[in-house]
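Visitor: Sending over a structure as structure tokens; questions will come in a sec.
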Amino acid sequence: MVSEADTRRRIPGTDRALADPVLALAAERVGRATVKAAVVAAADRARRGEIPPERVIAEAAAALPDRLRPLRRVINATGVVVHTNLGRAPLSPAAIKAVVEAAGYTDVELDLADGRRARRGAAVLAALAAAVPEAEAAHVVNNNAAALSLVATALAAGREIIVSRGELIEIGDGFRLPDLLTATGARLREVGTTNRTTVADYRAAVGPQTGLILKIHPSNYRIEGFVGEASIGELSTLGPPVVADIGSGLLAPDPVLPAEPDAGTALRAGADLITASGDKLLGGPQAGLLLGKAELVERLRRHPLARALRVDKLTLAALAATLSGPPAPVPRSLHDTVAALHQRAAAIVAALPGVELTVAPSESVVGGGGGPGVVLPSVALAAPASFAAPLRLGDPPVVGRVTDGRLLLDLRAVDPAQDAELTAAIARVAGSVTRVAGDGAPAPPGSPTP
Ligand SMILES: *Cc1c(COP(=O)(O)O)cnc(C)c1O
């Protein structure tokens with residue numbers, strides 16, 4: 001028999017509740033008073049017997065405002081389609097469904113036909129290889145940096161990687177490929193110059209110490225003028241395995257991005273292996289894709305480091321659905337026409353009479369994920385710059401870009417299904433009570449003011 005006094009003793013006091021990591025972080029962000037009020041309310045419920053004492057902290061956390069949750073959903077109106085700070089590729093509805101389904105028990109390492117253990121994610125890897133007919137086999141690791149580490153370790157540790165001086169790149173946030181490669185115990189054998197490297201430069205460097213020849217796509221910059229590089233085809237005649245880090249993860253050529261390398265073309269040209277990111281232009285989950293010769297892929301798969309870099313079942317599920325499903329949001333955004341974007345922008349402006357909002361031409365970019373220098377004509381909503389902060393702090397947060405004293409909300413990376421939400425967010429910020437486009441529901445009142 002649990003006595004009432006016993007129950008009361010188990011209700012945490014505010015000090016103990018505020019020591020909880022989630023509540024402590026919340027207190028830092030919104031102040032102790034707000035969090036304390038949530039704890040007191042939850043403790044009252046426990047005292048009344050409505051919830052068990054053990055639920056008080058969770059109940060208080062759940063009652064806190066949405067904006068305190070870690071990793072919030074954001075509307076990307078920056079015009080940068082693959083925005084690393086916003087989590088790169090948004091998953092397709094099919095991929096999201098697959099992730100949710102795989103979150104429980106799943107046959108990731110079991111053959112349901114005979115009930116025996118199976119190779120992890122075998123069907124997904126087969127689907128990936130099948131998506132690129134030029135590839136004999138495929139393997140997936142945590143991201144492209146992991147793919148490069150695995151390749152460098154398995155094929156060149158204690159030996160040399162031949163690489164052009166024009167391709168020793170920094171991706172962003174201080175992540176430099178040469179540092180990653182040498183951290184594996186491989187030595188870099190730099191050849192050529194910043195702007196020009198010939199096949200003869202590579203040929204002169206090939207020797208018994210060569211582990212592989214690496215060709216890296218400069219994903220986020222371009223060199224113009226007096227430039228020259230050796231082609232994958234030329235390098236493939238030199239003997240050592242040629243590995244191409246294509247970066248963004250296009251599996252086949254895309255006419256919108258003519259200069260962007262793709263896996264199929266690189267393999268057909270003679271690369272033995274390609275590495276790429278899953279969450280850039282493919283529009284899938286964060287992953288490192290490895291495609292190419294079966295013998296090399298097998299060596300990577302069997303290397304002890306492969307276990308440390310292996311992907312979660314959720315990643316495999318999202319990747320499979322991205323490969324088989326309708327186009328993911330990233331490729332769809334990249335192919336949206338200006339006319340379609342214009343129509344959406346005009347509809348939003350029309351739904352917000354009296355709001356200082358116009359349709360404006362804009363320019364989107366692919367982002368750190370690829371297409372350096374490629375500008376995609378786009379359409380934005382232009383609003384006063386004073387809207388920027390309240391939109392960013394709203395729920396859901398809307399992130400645009402301030403240019404020439406105006407806030408531009410570029411629609412290219414905004415899912416059309418989010419237009420109503422975006423309209424409501426602008427309406428709240430503008431402080432006007434207006435009808436939300438599409439569903440006809442009035443916008444919730446109580447807007448933060450600029
Ligand atoms: C983005 C990129 C990487 C790093 O890929 P992650 O998936 O972020 O680890 C490596 N190489 C190139 C050429 C890239 O564009």
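The values are calculated or read from the model by the stated rules, or taken from the named source; none is laboratory data. As the structure is a prediction and not an experimental result, all values here were calculated from the model. FYI the Cβ positions are ideal-geometry reconstructions off the backbone, even for glycines, and counts take in every protein chain you see.
Visitor: Name the single residue that is farthest from the ligand (Cβ to nearest atom) among those in region 127-151 being hydrophobic (A, V, I, L, M, F, W, C), more than 20 Å from G270 (Cβ to Cβ) and crowded, with 22+ Cβ neighbours inside 10 Å.
Guide: Among those that are hydrophobic (A, V, I, L, M, F, W, C), more than 20 Å from G270 (Cβ to Cβ) and crowded, with 22+ Cβ neighbours inside 10 Å, it is L128.
Visitor: For region 222-237, which positions are within 16 Å of the ligand (Cβ to nearest atom) and either outside the structural domain of A156 (by TED's automatic domain parsing) or not in a loop (DSSP other than H, G, I, E, B) (or both)?
Guide: I232 - this is the single residue of region 222-237 that is within 16 Å of the ligand (Cβ to nearest atom) and either outside the structural domain of A156 (by TED's automatic domain parsing) or not in a loop (DSSP other than H, G, I, E, B) (or both).
Visitor: With P361, P327 as the choices, which residue is modelled with pLDDT under 95, more than 16 Å from the ligand (Cβ to nearest atom) and within 17 Å of V81 (Cα to Cα)? Before the answer, list the steps.
Guide: Numbers: P361 fails: modelled with pLDDT under 95.
None of the others qualify; the one that does is P327.
Visitor: Would it be correct to say that I246 is farther than 27 Å from A89 by Cα, within 16 Å of the ligand (Cβ to nearest atom), touching a strand residue (DSSP E or B) at 6+ places or on another chain (Cβ under 7 Å) and of a type outside the set (S, T, N, Q)?
Guide: Judged against the criteria, I246 is not a match.
Visitor: Do we have any residue at all in region 350-363 that's surrounded by fewer than 21 Cβ atoms within 10 Å (Cβ to Cβ), under 26 Å from the mean Cα position of the chain (by Cα) and either in the same structural domain as G174 (by TED's automatic domain parsing) or free of Cβ contacts under 8 Å to residues at least 60 places away in the same chain (or both)? Reasoning before the result, please.
Guide: At the first step, the residues of region 350-363 found to be surrounded by fewer than 21 Cβ atoms within 10 Å (Cβ to Cβ) are 350, 353-354, 356, 358-361, 363.
Imposing the further condition that a residue be under 26 Å from the mean Cα position of the chain (by Cα) reduces the set to 363.
The next check asks that each one be either in the same structural domain as G174 (by TED's automatic domain parsing) or free of Cβ contacts under 8 Å to residues at least 60 places away in the same chain (or both); those that pass are none.
Checked region 350-363: no residue is surrounded by fewer than 21 Cβ atoms within 10 Å (Cβ to Cβ), under 26 Å from the mean Cα position of the chain (by Cα) and either in the same structural domain as G174 (by TED's automatic domain parsing) or free of Cβ contacts under 8 Å to residues at least 60 places away in the same chain (or both).
Visitor: Could you tell me whether any residue of region 189-207 is surrounded by 18 or more Cβ atoms within 10 Å (Cβ to Cβ), closer than 26 Å to P372 by Cα, of a type in the set (S, T, N, Q) and free of Cβ contacts under 8 Å to residues at least 60 places away in the same chain?
Guide: Checking region 189-207: at least one residue is surrounded by 18 or more Cβ atoms within 10 Å (Cβ to Cβ), closer than 26 Å to P372 by Cα, of a type in the set (S, T, N, Q) and free of Cβ contacts under 8 Å to residues at least 60 places away in the same chain.
Visitor: Then there is this: Could you run through region 270-300 and say how many residues are surrounded by fewer than 24 Cβ atoms within 10 Å (Cβ to Cβ) and either on the phi > 0 side of the Ramachandran plot or within 14 Å of the ligand (Cβ to nearest atom) (or both)?
Guide: 2
Visitor: Scanning for something over 22 Å from I223 (Cβ atoms) and touching a helix residue (DSSP H, G or I) at 6+ places or on another chain (Cβ under 7 Å), does region 159-182 turn up at least one residue?
Guide: No, region 159-182 contains no residue that is over 22 Å from I223 (Cβ atoms) and touching a helix residue (DSSP H, G or I) at 6+ places or on another chain (Cβ under 7 Å).
Visitor: Let me ask something else. How many residues, within region 183-220, are part of a helix (DSSP H, G or I) and within 15 Å of the ligand (Cβ to nearest atom)?
Guide: If we filter region 183-220 for residues that are part of a helix (DSSP H, G or I), which is where we start, we get 183, 199-205.
Those still in the list that are within 15 Å of the ligand (Cβ to nearest atom) too: 183.
Qualifying residue count for the region: 1.
Visitor: Additional query: Which members of region 362-381 meet the condition of being part of a strand (DSSP E or B) and in contact with an Asp or Glu (Cβ under 9 Å, 6 or more places away or on another chain)? I'd like the intermediate steps shown before the answer.
Guide: Of the residues in region 362-381, the ones part of a strand (DSSP E or B) are 362-365, 375-381.
Those that are part of a strand (DSSP E or B) and in contact with an Asp or Glu (Cβ under 9 Å, 6 or more places away or on another chain): S362, E363, S364, V375, L376, P377, S378, V379, A380, L381.
Visitor: Scan the helices (runs of 4 or more DSSP H) fully inside region 70-173 and keep the ones with 2 or more residues being within 29 Å of G192 (Cβ to Cβ) and at pLDDT 95 or above.
Guide: On the way: elements: 93-102, 122-131, 144-156.
It comes to 144-156.
Visitor: Please go through (1) in contact (Cβ under 8 Å) with a residue 24 or more places away in the chain; (2) surrounded by 14 or more Cβ atoms within 10 Å (Cβ to Cβ); (3) closer than 12 Å to L316 by Cα for T78 and return the number of the only condition it doesn't satisfy.
Guide: (3)
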